[in-house]
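Trainee: Below is the structure I would like to discuss, written out as structure tokens.
The values are calculated or read from the model by the stated rules, or taken from the named source; none is laboratory data. Note that the coordinates shown come from a computational prediction; the quantities given were computed from them, not determined experimentally. When we count neighbours, we look across all protein chains shown, and the Cβ atoms used for this are built from the backbone with ideal geometry, even at glycine. What goes into the accessible areas is simple: the full protein's heavy atoms, side chains included, and nothing from ligands, DNA or RNA. Shrake-Rupley method; radii C 1.70, N 1.55, O 1.52, S 1.80 Å.
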Amino acid sequence: MIGEPGQVLAGLDDEQQVVATSVHGPVVVLAGAGTGKTRAITHRMAYAVATGAHEARRSLAVTFTTRAAGEMRVRLRELGVEGAQVRTFHGAALRQLRYFWPRLSGQTFPDVLPSKARLLAEAASKSGIATNAAVIRDLASDIEWSKVSELAARDLLTDPRAATRQWSMDLADVMKIYAGYDELKSARALLDFEDVLLVTVGALQTRPDILDEVHSAYRWFTVDEFQDVNPLQHRLLTLWRGDRDEVCAVGDVSQTIYSFTGASADYLVNFRTEFPDATEVRLVNCYRCTPEIVSKANAV
């Protein structure tokens, strides 16, 4: 059972309380390491439910790892919030895609590849291109970057974005392997993780009935680690929310770690450009380290 609003706010510092009580419209939380961002955003969700501002069952929180999603679920459960969805981007998209698949296709839902390595090696071999484990790993990053940038193999020689990337091998060879990899997946009824996002985006863009159902299911969005959002995830989030601006983005530009696969901190930096009326809150108190360590880290 969720507590009274005042109980939900107990124990939060001043900035965390501002986050928790900012329950309407777009909100961006700039939170350095150890400043209690997960605490702040889970209490925000709990406070919104306690005050009647949000419905838990129509709330979706997304983050980047299953571990982080699990931690958020535990904290929300401890706060008495039941029914809110907390998933990774891929997990949320996969759940929706499985649900809508019977309307999209008369075939069995494809298996999802746990790794690209085996099929990439096979595609390279069929193209007569020598590889090793390190090259395959780099090729996987190339293809992930291409897919989250919504570039097919045929686009790599013509799209100006491709010219900005340092590729793992000659671009013509990347294109051959990329095309062969997609052909193998299609022939064997397989999807990779980026395909899950791409197909979900495609379904939402082309099927108004499915888009309307998603809009009915989810109204309030929380996105953790917003500095690691990539273009495809941003497009998916935009489709999920429609013309509503009920989104809380949390992140720290200094903690961007997925830029090699297409993530961009620009979405966090430019949040108030996208949402001019957004509330911005900075969490500044570090609870993970002693003051001496924080002082030395800031000096560096």
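Trainee: Checking the condition modelled with pLDDT under 95 and part of a helix (DSSP H, G or I), which residue from A140, A163, A179, A134 passes?
Mentor: On the way: A140 fails: modelled with pLDDT under 95; A179 fails: modelled with pLDDT under 95; A134 fails: modelled with pLDDT under 95.
Every option except A163 fails the conditions.
Trainee: I need the full set of residues from segment 210-244 which are buried (at least 19 other Cβ atoms within 10 Å of the Cβ), among the hydroxyl-bearing types (S, T, Y) and outside any strand (DSSP E or B), in order please.
Mentor: Y218
Trainee: Being outside any loop (DSSP other than H, G, I, E, B), in contact (Cβ under 8 Å) with a residue 40 or more places away in the chain and of a type in the set (A, V, I, L, M, F, W, C) is the filter here; which residues of segment 254-276 pass it?
Mentor: Hits for segment 254-276 are F260, L268, F271.
Trainee: Got a sec? Which of V74, V62, V81 is of a type in the set (A, V, I, L, M, F, W, C) and open to solvent by 40 Å² or more (accessible area, probe 1.4 Å)?
Mentor: Sole residue among the options that is of a type in the set (A, V, I, L, M, F, W, C) and open to solvent by 40 Å² or more (accessible area, probe 1.4 Å): V74.
Trainee: Quickly run through segment 245-259 and pick out the residues that are surrounded by 19 or more Cβ atoms within 10 Å (Cβ to Cβ) and over 16 Å from F64 (Cα atoms).
Mentor: E246, V247
Trainee: If you don't mind, there's one more thing I want to ask. Looking only at segment 11-22, which residues are open to solvent by 10 Å² or more (accessible area, probe 1.4 Å), free of Cβ contacts under 8 Å to residues at least 40 places away in the same chain and touching a helix residue (DSSP H, G or I) at 6+ places or on another chain (Cβ under 8 Å)? Talk me through it step by step, then tell me what you get.
Mentor: We begin by selecting, within segment 11-22, every residue open to solvent by 10 Å² or more (accessible area, probe 1.4 Å); these are 11-15, 17-18, 21-22.
Checking which are free of Cβ contacts under 8 Å to residues at least 40 places away in the same chain leaves us with 11-12, 14, 17, 21.
Residues satisfying the conditions are L12, Q17, T21.
Trainee: K147 - would you say it is farther than 17 Å from F193 by Cα, in contact (Cβ under 8 Å) with a residue 12 or more places away in the chain and either open to solvent by 50 Å² or more (accessible area, probe 1.4 Å) or not polar (S, T, N, Q) (or both)? Break it down stepwise before answering.
Mentor: Details: farther than 17 Å from F193 by Cα: no; in contact (Cβ under 8 Å) with a residue 12 or more places away in the chain: yes; either open to solvent by 50 Å² or more (accessible area, probe 1.4 Å) or not polar (S, T, N, Q) (or both): yes.
Answer is no for this residue.
Trainee: If a residue must be at pLDDT below 95 and open to solvent by less than 10 Å² (accessible area, probe 1.4 Å), how many such residues does segment 36-46 contain?
Mentor: 0
Trainee: So D228 fits all but one of (1) charged (D, E, K, R); (2) under 27 Å from I129 (Cβ atoms); (3) within 13 Å of the chain's Cα centre (by Cα); what number is the exception?
Mentor: (2)
Trainee: Among the residues of segment 182-208, which ones are over 22 Å from V229 (Cβ atoms), open to solvent by 40 Å² or more (accessible area, probe 1.4 Å), in contact (Cβ under 8 Å) with a residue 24 or more places away in the chain and assigned to a helix (DSSP H, G or I)?
Mentor: Answer for segment 182-208, where residues must be over 22 Å from V229 (Cβ atoms), open to solvent by 40 Å² or more (accessible area, probe 1.4 Å), in contact (Cβ under 8 Å) with a residue 24 or more places away in the chain and assigned to a helix (DSSP H, G or I): D182, E183.
Trainee: Take segment 156-180 and flag every residue that is over 24 Å from the mean Cα position of the chain (by Cα) and under 27 Å from F109 (Cβ atoms).
Mentor: Within segment 156-180, I177, A179, G180 meet the criteria.
Trainee: Quick one: in segment 246-265, of everything that is over 12 Å from L30 (Cα atoms) and modelled with pLDDT of 95 or more, which residue is nearest to the chain's Cα centre (by Cα)?
Mentor: V247
Trainee: Same structure again: Can you name the residue in segment 76-99 that is over 20 Å from the mean Cα position of the chain (by Cα) and not in a loop (DSSP other than H, G, I, E, B) and is also nearest to R58 (Cα to Cα) among such residues?
Mentor: Per the criteria, the residue is R77.
Trainee: For segment 260-274, what are the residues that are open to solvent by 50 Å² or more (accessible area, probe 1.4 Å) and of a type outside the set (S, T, Y)?
Mentor: Passing the criteria: F260, D266, V269, N270, R272, E274.
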